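The values are calculated or read from the model by the stated rules, or taken from the named source; none is laboratory data. Quantities reported herein were computed from a predicted structural model and do not represent experimental measurements. So basically every Cβ, Gly included, is an ideal-geometry build from the backbone, and we count neighbours across all protein chains shown. We work out accessible area using only protein heavy atoms, side chains counted, and drop any ligands, DNA or RNA first. Shrake-Rupley method; radii C 1.70, N 1.55, O 1.52, S 1.80 Å.
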Amino acid sequence: NLAARLALVIKSGKYQLGFRQCLRSMRGAQAKLVIVSSNTPPLRKSEIEYYAMLSGTMIHHYKGNNVELGTACGKLFPVGVLTILDAGDSDILRTIKSQ
């Protein structure tokens, strides 16, 4: 179900892929939600969680690895970190907040 919501965000919203882009958007307080794959290194995860706490950004730990997250985004390459700037027509922000 999360994959369908992610596909809608990719189609109608604004997003960024990658660790550096994630940190940059959280420092600028643009990020609304950060999705981290399960096999992201622990040091990177903790750094993302620290910046998320400072900026008040929601964070979601994706159950699958980076290849599965990339496939859920419709990309043909692995995605370790996905930052959602604008959800578009998707209700992914409400769904993850309620979990």
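Worth a mention:
Matching residues to (1) loosely packed, with under 15 Cβ neighbours inside 10 Å; (2) touching a helix residue (DSSP H, G or I) at 6+ places or on another chain (Cβ under 7 Å); (3) free of Cβ contacts under 8 Å to residues at least 24 places away in the same chain:
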site	(1), (2), (3)
Leu43	yes, no, yes
Ser55	no, yes, no
Ile59	no, yes, no
Lys63	yes, no, no
Asn66	no, no, no
Leu69	no, no, no
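- Criterion: in contact (Cβ under 8 Å) with a residue 40 or more places away in the chain, surrounded by fewer than 19 Cβ atoms within 10 Å (Cβ to Cβ) and of a type in the set (S, T, N, Q) - qualifying residue of Thr95, Thr83: Thr95
- Qualifying residues in the stretch 22-41 (those that are among the polar types (S, T, N, Q) and open to solvent by 70 Å² or more (accessible area, probe 1.4 Å)) - the one farthest from Gly80 (Cα to Cα): Gln30
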